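Asker: First the structure, which I've put down as structure tokens, then a few questions once you've had a look.
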Amino acid sequence: MGIRRKPYYTLILSVLCCALFHSVAQSQTQYGINDTITVPAIIYNGDTLSYKEMPEVYIYLELSAAGKRAHREWTRLRNAVYVTYPYAKKAGAVFNDIQTHLVNIPDKEKRKIYVKSREKDLRNEFTKPLTDLSVYQGKVLMKLITRETGNTCYEIIHDYKGSFSASFWQSVAWIFGSSLKQTYNPRAEDAQIEDIVMEVRRMYGMY
């Protein structure tokens, strides 16, 4: 008489029993013989209840037409500052360096020669990228140059190129709805620009 084979379900049952035994052994090793799991608890009306903090959920109301317009304007301004601030930072450093050197050059003719040499450097570095800016970005750039140098663009041109050039470029700026004489007030009308500049400086370590 041949050996009677166990049904396949007996094999499956054996595997399940082994798996269960292994799971219990692991549980006793991890949590102790009493299978105790520590969970956060809170006392409510004298009863100790387990509890779990759910993640925060933020709910935003749909923006009104005015709110959407303000958000678009802010986004446009933020993009313009991110694009133009590096140029303003470099230009401000150059202008301030020129001003420092001119203090030690009393001769009028030598001052002109020095300014022309630095002007050539500025043109080589900034002509191509600045031609790619929009009119709006150009307005923001002039604001930022004023921020970095402490002088309006009109004053800078007037000091280095003369009153005629300053007046001419002021007329060009006026045609495009801007002004070379615009100032920079970080606590009032330019507060948004200043906040974005601080964001850029934190992000890229420009301190």
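The values are calculated or read from the model by the stated rules, or taken from the named source; none is laboratory data. Model, not experiment: these values are computed from the prediction. Please note: Cβ atoms are built from the backbone with ideal geometry, for glycine as well, and neighbour counts cover all protein chains shown.
Asker: Could you tell me whether the range 184-195 includes any residue that is among the polar types (S, T, N, Q), surrounded by 15 or more Cβ atoms within 10 Å (Cβ to Cβ) and within 28 Å of the chain's Cα centre (by Cα)? Quick ask: steps written out before the conclusion?
Answerer: Looking only at the range 184-195, we keep the residues that are among the polar types (S, T, N, Q), and these are 185, 192.
In the following step, the residues that additionally are surrounded by 15 or more Cβ atoms within 10 Å (Cβ to Cβ) were identified as none.
No - not one qualifying residue is present in the range 184-195.
Asker: Now for a different question. Which one of 126, 164, 168 is within 26 Å of the chain's Cα centre (by Cα) and either over 16 Å from residue 77 (Cα atoms) or at pLDDT below 80 (or both)?
Answerer: Values: 164 fails: within 26 Å of the chain's Cα centre (by Cα); 168 fails: within 26 Å of the chain's Cα centre (by Cα).
Residue meeting the stated conditions: 126.
Asker: Looking only at residues that are without any contact (Cβ under 8 Å) to a residue 60 or more places away in the chain and aromatic (Phe, Trp, Tyr) in the range 126-168, which one is surrounded by the most Cβ atoms within 10 Å (Cβ to Cβ)?
Answerer: It comes out as 154.
Asker: Within the range 92-114, identify whether any single residue is among the polar types (S, T, N, Q), loosely packed, with under 10 Cβ neighbours inside 10 Å and either within 28 Å of residue 152 (Cβ to Cβ) or at pLDDT below 85 (or both), and answer yes or no.
Answerer: In the first step, residues of the range 92-114 are kept if they are among the polar types (S, T, N, Q); the result is 96, 99-100, 104.
After this cut, where a residue has to be loosely packed, with under 10 Cβ neighbours inside 10 Å as well, the list is 100, 104.
Imposing the further condition that a residue be either within 28 Å of residue 152 (Cβ to Cβ) or at pLDDT below 85 (or both) reduces the set to 100, 104.
Yes; the residues of the range 92-114 include at least one that is among the polar types (S, T, N, Q), loosely packed, with under 10 Cβ neighbours inside 10 Å and either within 28 Å of residue 152 (Cβ to Cβ) or at pLDDT below 85 (or both).
Table: residues versus (1) closer than 26 Å to residue 184 by Cα; (2) hydrophobic (A, V, I, L, M, F, W, C).
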residue	(1), (2)
67	yes, no
87	yes, no
94	yes, yes
100	yes, no
111	no, no
115	yes, yes
133	yes, yes
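Asker: Additional query: Quick one: count up the residues across the range 55-84 that are touching a helix residue (DSSP H, G or I) at 6+ places or on another chain (Cβ under 8 Å), assigned to a helix (DSSP H, G or I) and of a type in the set (A, V, I, L, M, F, W, C).
Answerer: Residues in the range 55-84 being touching a helix residue (DSSP H, G or I) at 6+ places or on another chain (Cβ under 8 Å), assigned to a helix (DSSP H, G or I) and of a type in the set (A, V, I, L, M, F, W, C): 5 in total.
Here is a yes/no grid of residues against (1) under 48 Å from the mean Cα position of the chain (by Cα); (2) modelled with pLDDT of 60 or more; (3) of a type in the set (Ser, Thr, Tyr):
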position: 3; (1), (2), (3): no, no, no
position: 8; (1), (2), (3): no, no, yes
position: 22; (1), (2), (3): no, no, no
position: 28; (1), (2), (3): no, no, no
position: 42; (1), (2), (3): yes, yes, no
position: 64; (1), (2), (3): yes, yes, yes
position: 69; (1), (2), (3): yes, yes, no
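Asker: Still on this structure, I have one more. Mind listing whichever residues of the range 142-158 are closer than 11 Å to residue 92 by Cβ and modelled with pLDDT of 85 or more? I'd like the intermediate steps shown before the answer.
Answerer: So in the range 142-158, the residues closer than 11 Å to residue 92 by Cβ come out as 144-151, 156.
144, 145, 146, 147, 148, 149, 150 - these are the residues of the range 142-158 that are closer than 11 Å to residue 92 by Cβ and modelled with pLDDT of 85 or more.
Asker: Give the residues of the range 73-99 that are more than 19 Å from residue 203 (Cβ to Cβ) and of a type in the set (Phe, Trp, Tyr), sorted by residue number.
Answerer: Passing the criteria: only 95.
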